[in-house]
Amino acid sequence: MARAALATLVPDLSITGYMVQMGPHKIDRSAFDWDQIAQNPFWTPDATAATDWAAYLDDLRKSGNSVGAIVEITARGVPAGLGAPIYAKLDTDLGAAMLSINAVKAVEIGEGMDAATLTGEANADEITMGPDGPVYSSNHAGGILGGISTGQDVVLRFAVKPTSSILKPRQTITKSGEATQIVTKGRHDPCVGIRAVPVGEAMAACVLLDHILLQRGQIGGQIGQTRGQIG
């Protein structure tokens, strides 16, 4: 429903999720291909990674083990001006939405944790004026500055932990505190990160729609189509 509303209000906005890492295995960013995302079961833009991950995950599955993953979400065509500098930050709401997904343990936007390794000079997204408005030299901020969208791609990643329901025995305790072992029987999901991709897309859609509607409520129909255009 959020996607349908966004398609009407902001037709040029698109939200795409994809896996960029499974366990220790990362994609090759130089081989990034948007068209590959829907062509493999891992929603990954790297065709070679998809082949390698299939063999890796099959071995884990057969051994009764599991592994985590990192999912990246890119929202293109996001209008500038969504969010607020304090209580309704766009990045705050996106982070909360992603962390509300089961098994998600961390979220980062733009450079994320890697921003700590950069200098202010290297991290700055310099701005110049182009024929159609502001032009940015880079997107280290992930499309959000000071809690407000810049009009660039909004880029975020979230880490999904390995599922704890594995076939390998693990130490635990009983209700009375006695030592024992636990083995999960039945369905075994070796990487929940795969199923988290469309969930992350959906959560991003909900948050972006919320902020577009908030903005329309504050300043009228300046973002998205007007009531007459919607029909």
Correct response: the longest run of the chain lacking exposed trypsin sites (Lys or Arg not before Pro), defined by DSSP loop and at most 16 other Cβ within 10 Å, is 1-174
The rounded separation in angstrom of the Cα centers of the stretch 127-167 and the stretch 90-120 is 9 Å
Expressed in µm² per second, the diffusion coefficient of the stretch 117-202 from the Stokes-Einstein equation, with Rh the Kirkwood radius over alpha carbon pairs, at 10 °C and 1.306 mPa s, is 89 µm²/s
In Å, the Kirkwood estimate of hydrodynamic radius for the stretch 1-123 over Cα pairs equals 16.9 Å
The ³J(HN,Hα) series, computed from each phi in the stretch 170-179 with the Karplus coefficients 6.51, -1.76 and 1.60 at θ = phi - 60°, rounded to the nearest Hz and given as x for glycine or proline, is 10, 6, 7, 10, 7, 4, 8, x, 7, 5
In whole Hz, the Karplus estimates of ³J(HN,Hα) for the stretch 72-87 (6.51, -1.76, 1.60; θ = phi - 60°; x where Gly or Pro) are 10, 10, 10, 10, 9, x, 6, x, 6, x, 6, x, 7, x, 10, 7
Counting all Cα-Cα pairs in the stretch 67-150, those more than 15 Å apart amount in percent to 64 percent
Counting only protein heavy atoms with a 1.4 Å probe and every protein chain in place, the carbon and sulfur fraction of the accessible surface of the chain in whole percent equals 55 percent
With Cα coordinates, the longest principal axis of the chain makes an angle with the long axis of helix 193-219, in degrees rounded to 10, of 30 degrees
For the chain, dividing by residue count, accessible area per residue (probe 1.4 Å) in Å² works out to 55 Å²
With Cα coordinates, the longest principal axis of the chain makes an angle with the long axis of helix 90-99, in degrees rounded to 10, of 20 degrees
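Based on a Kirkwood Rh over C-alpha pairs, give the Stokes-Einstein translational diffusion coefficient of the chain at 10 °C and viscosity 1.306 mPa s in µm²/s.
Reported coefficient: 81 µm²/s.
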With +1 at each Lys and Arg Cβ and -1 at each Asp and Glu Cβ, the charge dipole magnitude of the stretch 1-153 around its Cα centre, to the nearest 20 debye, comes out at 560 debye
Pseudo-spin-label distance K26 to A96, built 7 Å along Cα→Cβ, given in nm, is 3.1 nm
Mean separation of Cα contacts under 8 Å (at least 6 apart) over the residue count of the chain, i.e. the relative contact order in percent, is 28 percent
Within the set A122, A96, A202, GNM on the chain using Cα springs under 10 Å gives the largest fluctuation to A122
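The values are calculated or read from the model by the stated rules, or taken from the named source; none is laboratory data. Computed from a predicted structure; not experimentally measured. Note that each Cβ is placed from the backbone with ideal geometry, even for glycine, and that neighbours are counted across all protein chains shown. Surface areas here come from the heavy atoms of the whole protein model, side chains and all, with no ligands, DNA or RNA. Shrake-Rupley method; radii C 1.70, N 1.55, O 1.52, S 1.80 Å.
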